[in-house]
């Protein structure tokens, strides 16, 4: 039976590339039949990565059930996985996020969770010497994942090891990290074809704090004015998305990659309270700029308070 490899819903570059990378490893190195899957449409940067490195877009996966063999990468959170994940035969979890809990397996499995900036870096380490056998497309996907998750080493989640793996891959591929990252971020910044609701859900995670539930959305861009010009319609859509998704509020952070700061939309008193208590700031009328804030995992989620 084929093992299905997938990441989280609303797949970004790492959750698009890592299933492809690990499925290659299982097939070509371990001799285990495996196929990558996606839990949603990849974002514009991830789609660009697939085209740049000549990789096929994995099939979409609606759900899993009893008997389905799966390996989960880039998440361990049941809320970001198919509804039937509890019935599936989970064979492994490879991740770089905090342990959430809630998954139950049929028996003992291999779980690797390491404090690195990117799942693809962990995959490189797990491959050991076999990493040298990766074809160009797999190496390119791995490099793209690392540059995406580290924001070209700007993110505070970046480790020296993430950087060294990326630099070695770039040298092997004969590409410039700066040029590749610039093309990736340009693709990520092109959001013209997405509705406001799609933008809000594109890179978001649910989180509870102080008895309130939030959808914490992050838009990383090298062209923040393009997103900020849609502020009024986005704030209207935030209310609609919160209602449809069953959360108290959406927190929308527009991350300016080049200037290394985030703008948080402040549509109401609840968000104002969260912003001012979480980041020791004073909000403007409907936005607040947060210097140095670029990482949801390390700087946003851990600081949220009411």
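Of all residues in region 249-257, none satisfies being touching a residue at least 12 places away in the same chain (Cβ under 8 Å), surrounded by fewer than 19 Cβ atoms within 10 Å (Cβ to Cβ) and either under 19 Å from the mean Cα position of the chain (by Cα) or part of a helix (DSSP H, G or I) (or both). Reported count of residues in region 190-243, each being part of a strand (DSSP E or B) and loosely packed, with under 14 Cβ neighbours inside 10 Å, is 1. Condition check: farther than 27 Å from residue 181 by Cβ and surrounded by 15 or more Cβ atoms within 10 Å (Cβ to Cβ). Does residue 90 satisfy that? Yes: the conditions hold for residue 90. Here residue 282 qualifies as over 20 Å from the mean Cα position of the chain (by Cα) and over 29 Å from residue 42 (Cβ atoms). Suppose we keep only residues that are more than 11 Å from residue 3 (Cα to Cα) and either touching a residue at least 40 places away in the same chain (Cβ under 8 Å) or crowded, with 24+ Cβ neighbours inside 10 Å (or both) within region 23-40. Which one would you say is nearest to the chain's Cα centre (by Cα)? Per the criteria, the residue is 39. Sub-7 Å Cβ pairs linking a first residue in region 116-144 that is free of Cβ contacts under 8 Å to residues at least 24 places away in the same chain to a second residue that is loosely packed, with under 14 Cβ neighbours inside 10 Å and assigned to a helix (DSSP H, G or I), at least 6 apart or interchain, number zero.
A short reminder: the numbers here are calculations on the coordinates, not readings from a lab. Being a predicted model, the structure only gives us computed values, none of them experimental. Backbone-built Cβ (ideal geometry, glycine too); neighbour counts: all protein chains shown.
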